[in-house]
Amino acid sequence: MLASGTIPTREAMSYKCEIPQFRTPIRIYYENQNTRKISYVEYLDIQIKPVGCPVGKYGLLCHKTCICKNGARCHGFNGACKCPPGWKGVACDIPKQDVSVTTTPSDPRDIYISANITFHCKAHHIEVRSVSITFQNVTTKVTFGVNETDFEVSKIQPTNSGPYTCQVRDTRGNTLNTTFVLNVTNCAPDTKGARCDEVCGCLQGASCDRWAGCVCPPGWTGIRCHTKCRHGKYGKDCERNCTCQNGASCSSSDGTCECTDGWYGKDCSKQCKNGRFGWRCQQICTCKNNATCSNVDGSCACVTPWTGPDCDQWQTSRDEPLLEILVSLGSLVVLVAIVMAILYKTGILACSAPDTGEEDKILFELRKMEQDLAQSLQPGWLGRWEKKIKHLTPGPLIGEGMFGLVRKGKLRTFEGELAVAAKTVRVEDSQSYRDFYREAAILVAVHQWLITTSADKYILLEYASKGDILGLLRRFGNINEKDLLGNILGYAVHIPRALQELERLRIAHRDVAARDVLITADDVAKLADFGLARDVYATTQYVRCNRPGVDELLPLKWMALESIENGEYTCQSDVWSFGVLLWEIATLGKDPCYDGRMQLSFLQMVGILRQGIRLERPPGCPEDLYRLMRSCWRDVPDTRPTPEGIEERLLHLRRALLPHDVIEMETVV
């Protein structure tokens, strides 16, 4: 039986669920019904699905009421209002002379070659004299005396791409205008290719990408998504390994295990208990007199002197007196009792589980801090990994920027002195400290040290004597393909393993690039720099963000499309950045160049990516490697490969080209 329930909460907490071994059934009632179902609870599979605040509420506890008006959206955390066209002010209650342009359809996925699109030009709070729509400096439509007009483009083509300007003249002679940039890059449904003249023919409800072809749903693979995942594999691109045990079958879509008779649990690793057996442990054993019941078919293994199908028949041997049998049984019971008492005293059979509250507390604090670093961070919780300033001997400066600097140093530990890279802030302001504590919290989650109780605050990392991979790439001369894959691409295998660990911790790195991958003395690549010292690097690698309310340097050419457009950072956006890192490796450390331009603004970058333009294949780059890069740069985040899938594909590529020189090393973030 399957049952579900909801536990509302008003604060971030750690919950522990204990299910006792009930002697009587649990009664579970269905809602709005008079019937009831009685079942035993042996196993719980809990899924946590956070839900945002209801409409009109905001705040960490959803206890504050939004003040937004006129259809404005309310930010779920701080209550800030996002005003619709024609309104302004804190509550969006002040009329604003404004002009807006919207489209039908509004979803970019529905705007494709050969479709129709309608532009809606509207003036707000303006005494309108005329409204006009202009494309390529040519006025296409003019209306008088009305505050809105529509303009339709039928069977749109790439030549229709560009800025459409809505211009409004009021009765006083003033002119207001706004512009919508149309980028027509997608083919019609089920078509692909440069000219959109190839048919995808995707099966299983798969989507058709103009350049990649069929993007298969979880559980399917192949050119047309016609092949089901082979045994032991599941998920997107069949990249994940099933964890089902004891002969259980694995769902190719989501990895759900269908247990065989006698087993239960998420991975079918738990054996039926409490005298139950069979499918989902629903049948009750009938064995008696301490007989052992098979968890699979319920057959009984009797204990002497009992016999029979249910071990309820007494049987004695003529050659063995009954007294001897009873003495043997009594001795056995005493021996078992003594062993059980010893095991219980030593704690082996203790029912209490180890206390993981401290670890859970750290992770919950990290999640709260990610919601609002400036207000929620409490440095005291980081004390688990705190070191004293007297244990650090700072050394020479090895990196410096506008806000942060890095020194080589020595840290005294119980094991002796350890060479470290000590990162600290250079300018004491809120932005610098916010970056410092964000990076500190992330690195503490992956077990690094820090110093925060002294005037000088440091993040302490293992010193990487071989520097970053970008410098290593640029020190190489021209090398052949085999050397590239054998020496440098080997480091790339370590990064997806680091991304897997960050995904487990619900952390997005936000800046996966060759400059942020450090090489230790024992040739292990480590993903570093979670944001503090990014101003150290060249201005061509970072662009100052011009989004409202955001003032920071961002690695524009490494960022995923959704990160540039909406500020969304996830494991999938890190995968996009990793694709650019692979391109850096293939070019021996060149700066990414899109459409022949080194310097791009945010708007230009979005336009280029929306047109399907990506980094070109580097000379000498293997086709399989470039195909992997392209898969990391897909528009839809969920269609990109997983870190596990990337690692497997890289290892397969190296095995194919260097079968005698493939070394897999454990990665530490």
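So here's what we get for this one:
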| item | result |
| --- | --- |
| Strands (runs of 3 or more DSSP E) contained entirely in the range 114-193, each with at least 3 residues that are acidic (Asp, Glu) and farther than 30 Å from Gly213 by Cβ | 148-153 |
| Ile325, sole failed condition from (1) part of a loop (DSSP other than H, G, I, E, B); (2) at pLDDT below 85 | (1) |
| Subset of the range 194-207 (residues that are part of a loop (DSSP other than H, G, I, E, B) and under 30 Å from the mean Cα position of the chain (by Cα)) | Cys200, Cys202, Leu203, Gln204, Gly205, Ala206 |
| Residues of the range 591-610 classified as assigned to a loop (DSSP other than H, G, I, E, B), under 28 Å from the mean Cα position of the chain (by Cα) and closer than 30 Å to Leu653 by Cα, total | 3 |
| Residues within the range 238-269 that are outside any loop (DSSP other than H, G, I, E, B) and surrounded by fewer than 18 Cβ atoms within 10 Å (Cβ to Cβ), tallied | 3 |
| Residues located in the range 228-237, provided they are touching a helix residue (DSSP H, G or I) at 6+ places or on another chain (Cβ under 9 Å) and surrounded by fewer than 15 Cβ atoms within 10 Å (Cβ to Cβ) | Arg230 |
| Criterion (at positive phi and surrounded by 18 or more Cβ atoms within 10 Å (Cβ to Cβ)) met by exactly one of Cys74, Cys166, Cys92, Cys68 | Cys92 |
| Where Asp209 falls short, out of the listed (1) in contact with a Lys or Arg (Cβ under 8 Å, 6 or more places away or on another chain); (2) closer than 30 Å to Ile223 by Cβ; (3) free of Cβ contacts under 8 Å to residues at least 24 places away in the same chain | (3) |
| Residue count, the range 574-596 (criterion: among the acidic types (Asp, Glu), at pLDDT 90 or above and farther than 19 Å from Gly471 by Cα) | 1 |
| Selection count, the range 177-200, where residues are more than 30 Å from His124 (Cβ to Cβ) and out of contact with any Asp or Glu (no Cβ under 7 Å at 6 or more places or on another chain) | 12 |
| Tally of residues being part of a strand (DSSP E or B) and farther than 28 Å from Ala248 by Cα across the range 270-308 | 2 |
| Qualifying residue in the range 468-481 (condition: assigned to a strand (DSSP E or B) and either under 30 Å from Leu653 (Cβ atoms) or at pLDDT 80 or above (or both)) | yes |
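Residue by residue, here is whether (1) in the same structural domain as Asp635 (by TED's automatic domain parsing); (2) modelled with pLDDT of 90 or more; (3) of a type in the set (A, V, I, L, M) holds:
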site	(1), (2), (3)
Pro158	no, no, no
Thr165	no, yes, no
Asp170	no, yes, no
Thr178	no, yes, no
Leu203	no, yes, yes
Cys229	no, yes, no
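The values are calculated or read from the model by the stated rules, or taken from the named source; none is laboratory data. Keep in mind that what you see is a predicted model, and the values were worked out from it rather than measured. Note that we place each Cβ from the backbone using ideal geometry, even for glycine, and neighbour counts take in every protein chain shown.
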